[in-house]
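*Asks:* Quick one: the structure is below, questions incoming.
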Amino acid sequence: MINRLLRWLDSSTCNFLAVDTITKELNIAGFRELRQEDSWKIEPGGKYYVVKNGTAIFAFIAGKGNPDEHGFRIISAHSDSPCFKLKPNAEILGDGGVVSLNVEKYGGGILYTWFDRPLSMSGRVMLDSGDAMNPEMRVFDLKKGVAFIPHLAIHFNRSVNEGNPLSVQNDMKPVIGFFSPEEIEEAKKRGGFVKMMVASELGIKPEEIIDYEICLYPMEQAGLCGAKGEYFQSARIDDLSMAFAGLEALLATASEDCADTRMLAVFDNEETGSGTKQGAASPVARNIMERVCANLGGTREGFFRSVANTFMISADDAHAWHPNYNSKYDPTNHPVIGGGPVIKINANCKYMTDAQGAAVFRNLCRKAGVECQTFVNHSDVAGGSTLGNILTSQLDIKGVDMGAPIWAMHSARETAGVADHEATVKVFSTFFS
């Protein structure tokens, strides 16, 4: 299982490719794609998925019970992670023909972890399809180190280890190389070096690229670490490890009959507030659920009964206790790596967890034979929010916010526990059974 996760993490270098990876697994397992613009015909027990914007995916197995009386069992996660995104007209020309890139920070990453690493590019480009309203989308991954962000030598900033404020605009520009005047002039004519590299990968002409969304990502592969191989390290563990745990559970239980509709909902843009058409603050999940109920013979009023019978596990990784920073954690509610999945609680409702939701999750853990832990913020430290309480602005469903404990959340390379991932899959499978 853990080796599959490591391969998935390596292949999912941006939100587009995360959804592409999940889609391939679903197709192999016999799921069928439904497009929002088409009419749907859903059969009880049928396996389906819906892709939104290429960056969010909703896979479900239609329940065999009366939809007016049975609800949904939902595991939600998100496909995006903090990174750097290229701006339009990205190339910046410097002395000696050095070309760097104009980038924008996506989400709340730990900036200094990105220095002096080989970086590649992945994302999507839009091409002319002949229909102005529906350009063609092509997803790509260069899979080679084409950029890096060189750090300033300590000799120019002797106090760098005493604190080093960083400017994304000035300090975090990746370098892609140095070029002759002739190469630079040729690139200008063809749309720039970035378009030329991507076009070469896709076998098209740079001039065919109308627009792009391109992410930079660290090249280091996911791998095991620790004296016993008890940890795994990778970029994008938050939150792809939870998305893939949900996928593992859905596929493992797909052959089992269930009266409820089981759904894996992987949203996008959680790291920037979820306020997009493919984010948890949008009506996309509600719209899909309504259509499922209607296709299964449910009534309009019955949909609200179905919602009342729905439970969601909002799965987004949790902060593990750090041995070097004990004072940052709550004294009695700090989960440890290796201690099992974590229930996340906040008195100010930053998480959707309440006593009812926590009790359901504890019961699932007990049934799965898995230990669980609790995370609450240090009372003097403000916490963040995640999918659960955002989605409840669209659907008044019961649920719990949870995650696996990790270190260095939002670093270019995060660390998690092998045993915690395996335990999480067990609980998710129990939930879907």
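The values are calculated or read from the model by the stated rules, or taken from the named source; none is laboratory data. Quick caveat, the model's predicted, so the values are computed rather than measured. Positions of Cβ are generated from backbone atoms using ideal geometry, with glycine treated the same way; all protein chains shown enter the neighbour counts. We work out accessible area using only protein heavy atoms, side chains counted, and drop any ligands, DNA or RNA first. Shrake-Rupley method; radii C 1.70, N 1.55, O 1.52, S 1.80 Å.
*Asks:* Here is a check on your reading of the model: is residue 222 buried (at least 19 other Cβ atoms within 10 Å of the Cβ) and farther than 21 Å from residue 100 by Cβ?
*Replies:* yes
*Asks:* For residues that are over 17 Å from the mean Cα position of the chain (by Cα) and of a type in the set (Phe, Trp, Tyr), scanning just the range 190-231, find the one that is farthest from residue 82 (Cα to Cα).
*Replies:* Out of the qualifying residues, it is 193.
*Asks:* Go through (1) without any contact (Cβ under 8 Å) to a residue 60 or more places away in the chain; (2) polar (S, T, N, Q); (3) part of a loop (DSSP other than H, G, I, E, B) one by one and return the number of the condition residue 374 breaks.
*Replies:* Result: residue 374 passes all but (3).
*Asks:* Another question, then. Has the range 1-10 got at least one residue that is in a loop (DSSP other than H, G, I, E, B), out of contact with any Cys (no Cβ under 8 Å at 6 or more places or on another chain) and touching a residue at least 12 places away in the same chain (Cβ under 8 Å)?
*Replies:* yes
*Asks:* Does residue 100 fit the bill of being open to solvent by less than 30 Å² (accessible area, probe 1.4 Å) and more than 25 Å from the chain's Cα centre (by Cα)?
*Replies:* So residue 100 fits the description; yes.
*Asks:* Please verify whether residue 54 is in a loop (DSSP other than H, G, I, E, B), in contact with a helix residue (DSSP H, G or I) (Cβ under 7 Å, 6 or more places away or on another chain) and crowded, with 17+ Cβ neighbours inside 10 Å, treating the condition exactly as stated.
*Replies:* Answer is yes for this residue.
*Asks:* Here's a follow-up. Among (1) over 26 Å from the mean Cα position of the chain (by Cα); (2) within 30 Å of residue 416 (Cβ to Cβ); (3) not hydroxyl-bearing (Ser, Thr, Tyr), which single condition is residue 187 missing?
*Replies:* Failed condition: (2).
*Asks:* Ok, one more. Out of 194, 168, 175, I need the residue that is in contact with a Lys or Arg (Cβ under 9 Å, 6 or more places away or on another chain) and farther than 30 Å from residue 4 by Cα. Which one?
*Replies:* 168
*Asks:* For the range 227-245, name all the residues that are more than 24 Å from residue 108 (Cα to Cα) and open to solvent by 40 Å² or more (accessible area, probe 1.4 Å).
*Replies:* Correct list: 227, 228, 230.
*Asks:* Given the criteria open to solvent by 10 Å² or more (accessible area, probe 1.4 Å) and over 30 Å from residue 419 (Cα atoms), does residue 197 qualify?
*Replies:* The answer is yes for residue 197.
*Asks:* Quick check: anything in the range 84-95 among the hydrophobic types (A, V, I, L, M, F, W, C), open to solvent by 20 Å² or more (accessible area, probe 1.4 Å) and either touching a Ser or Thr at 6+ places or on another chain (Cβ under 7 Å) or not in a strand (DSSP E or B) (or both)?
*Replies:* yes
*Asks:* Do we find that residue 28 is open to solvent by 10 Å² or more (accessible area, probe 1.4 Å) and touching a Ser or Thr at 6+ places or on another chain (Cβ under 8 Å) in this structure?
*Replies:* No.
*Asks:* Is it the case that the range 357-368 has a residue that's assigned to a loop (DSSP other than H, G, I, E, B) and modelled with pLDDT of 95 or more?
*Replies:* No, the range 357-368 has no match at all.
*Asks:* Which members of the range 384-407 meet the condition of being of a type outside the set (A, V, I, L, M) and closer than 25 Å to residue 423 by Cα?
*Replies:* Correct list: 384, 385, 386, 388, 389, 398, 399, 401, 403, 405, 407.
*Asks:* Yes or no: the range 348-361 includes at least one residue that is among the small types (Gly, Ala, Ser) and either surrounded by 16 or more Cβ atoms within 10 Å (Cβ to Cβ) or in contact with a Pro (Cβ under 7 Å, 6 or more places away or on another chain) (or both).
*Replies:* Yes: one or more hits.
*Asks:* Name the single residue that is farthest from residue 235 (Cα to Cα) among those in the range 311-344 being among the polar types (S, T, N, Q) and open to solvent by 30 Å² or more (accessible area, probe 1.4 Å).
*Replies:* Per the stated criteria, the residue is 332.
*Asks:* Still on this structure, I have one more. Answer with yes or no whether residue 306 is small (Gly, Ala, Ser), in contact with a His (Cβ under 8 Å, 6 or more places away or on another chain) and surrounded by 22 or more Cβ atoms within 10 Å (Cβ to Cβ).
*Replies:* yes
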